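Note sheet for the following structure.
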Ligand SMILES: Nc1nc2c(ncn2[C@@H]2O[C@H](COP(=O)(O)OP(=O)(O)OP(=O)(O)O)[C@@H](O)[C@H]2O)c(=O)[nH]1
Ligand SMILES: [Mg+2]
Ligand SMILES: [Zn+2]
């Protein structure tokens, strides 16, 4: 019965834009699926769906008949009293975390939070450091060295000069990458050089920073000519840490792994216990102090900003 299978690129006001082998089509939810919809995340960006022809107001129209099982999700907390997940993007392979080396200065606390969100969702994080031309690549590399030491892959780019673009292209082609980034880091500029012809609007940095919000309004999947998609989800900042089990938090800081077995207590939270190997390593400089501080703030709930 399904005549076409495709990937949801955009979901807005009950209309879904779907990329299919026959081009991009618009579809609505079939009546039955619509009635099942409770949380607004029955069909989200990134979903693979089967389409059928149904009768719409203007005659024949595409309707979404079935949603394929999701292999991964990024969810945020739904508004309301009871904690409930609202899926914002489905079928993500990796989280592409973009910061600028300068202008705006990287907010490392936010980077650490994005990394924990990715780790908790079991999605591979990839860090992109753009605008390395501003203060030079060595300065950028020094700033992000703790992340490379922790085992994360960091790609250094300068969108204006086209530096690092091949490495970025290799890392995102053929995969679904969810973007996590503050405003004004050069996301649109980078994607425009990764894929000439995309024509994303580039904003003046001062304007973006002053407004304090993203220029991109709704979640959307950007198809790459080389295969794969980039999911630009302005809501990723709101994904937050609500779903992260604090007992597990130390596992989401990979460079802690070699240390925690040496803590005196197996239940060590690495905050106040005597004989804590993690704190000792932070004190001696073996562990990056800023990373440890991020951990401590998340544990103590001091991380809201
Ligand atoms: N020096 C330098 N400036 C850059 C680079 N990439 C982007 N910019 C500038 O940074 C500003 C913001 O670039 P955008 O590409 O619009 O950034 P964005 O992350 O898409 O911004 P929003 O969508 O507003 O959040 C623009 O003035 C760009 O010209 C870079 O590699 N080096
Ligand atoms: Mg932009
Ligand atoms: Zn400890």
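No value in this document is a laboratory result; all are computed from the given coordinates. As the structure is a computational prediction, the values presented were derived from the model and not from experiment. We place every Cβ from the backbone using ideal geometry, glycine too, and count neighbours over all the protein chains shown.
Values computed for the structure shown
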item	result
Relative contact order, percent, region 89-239 [alpha-carbon distance under 8 Å, six or more residues apart]	26 percent
Relative contact order (%) - the chain, alpha-carbon pairs under 8 angstrom, separation at least six	14 percent
C-alpha long axis of helix 137-149 to longest principal axis of the chain, angle in °	90 degrees
Three-way shape label, region 124-207, alpha-carbon gyration tensor, a/c 1.5	oblate
Candidates 93, 166, 50: whichever shows maximal mean-square fluctuation once the chain is modelled as a Gaussian network with Cα springs under 10 Å	166
Cα long-axis angle, helix 108-120 against the chain (0 to 90 degrees, to the nearest 10)	60 degrees
Computed over the chain, Cα set: Rg, Dmax in Å	21.2, 72
Acute angle (nearest 10 degrees) that the helix 289-300 long axis makes with the longest principal axis of the chain, alpha-carbon atoms	70 degrees
Cβ crowding within 10 Å averaged over residues, with 97-106, 130-139 ranked highest first	97-106, 130-139
CD proxy at 222 nm, helix term only [per DSSP H run n ≥ 4: -39500 (n - 2.57); per residue of the chain; nearest 500]	-7500 deg cm²/dmol
